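Heads up: the structure comes next, in C-alpha cells.
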Amino acid sequence: MTDSAHGSARGAEAAASAADRFERETIAILKRLSRRPIEPGLDSELMADLGFDSLQVLELVGELEDHFNIAVPLNSLTHIRTVGQIADEVRRLAASEGVSQS
C-alpha cells in the first residue's frame, strides 16, 4: 500500500471507530434508561420494539445531551424512530458542535 492508501485506510478506520462509539454509547444509555431488560439493535424502534414512552424519550434526550455534550433540538426528534437514527443524529450534532469523535 502507498502512504496515501495507508492514510486513507487509517482515516476510514478512525471514522468507523467514531461511528461505533456513538452507536455503542447510545445503546448503553438506552439499556440503562429502560424499565425492563432490552437488547437494542440499530433497527430497533424506541417505542414499538423497546417499549419506551414519551417521558423515557425525553429522559433519553437529556442523557444524550449530557453524555455527548450536545444540544438536541426537540423538532429534530419528529423523524427519529430507530436506535440507528438516534446514533446518526447524535453523531451529526456532535460533529456540528465540534465534539471530539474519539
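Looking only at region 45-57, residues that are under 14 Å from Ala28 (Cα atoms) and within 15 Å of the chain's Cα centre (by Cα) come to 1 in all. Among the numbered conditions (1) in contact (Cβ under 8 Å) with a residue 60 or more places away in the chain; (2) surrounded by fewer than 18 Cβ atoms within 10 Å (Cβ to Cβ); (3) among the β-branched types (Val, Ile, Thr), the only one that Ile86 does not meet is (2). Filtering Leu77, Leu60, Leu64 for residues that are surrounded by 14 or more Cβ atoms within 10 Å (Cβ to Cβ), over 16 Å from Ile27 (Cβ atoms) and in contact (Cβ under 8 Å) with a residue 12 or more places away in the chain leaves a single hit, Leu77. Restricted to region 48-82, and to residues there that are of a type in the set (Ser, Thr, Tyr) and not in a helix (DSSP H, G or I), the residue that is nearest to Ser34 (Cα to Cα) is Thr82.
Kindly indicate whether Ala87 is in a helix (DSSP H, G or I), aliphatic (A, V, I, L, M) and either at pLDDT 95 or above or touching a strand residue (DSSP E or B) at 6+ places or on another chain (Cβ under 6 Å) (or both). Judged against the criteria, Ala87 is a match.
The values are calculated or read from the model by the stated rules, or taken from the named source; none is laboratory data. Because the structure is a prediction, the values reported are computed rather than measured. Note that we place each Cβ from the backbone using ideal geometry, even for glycine, and neighbour counts take in every protein chain shown.
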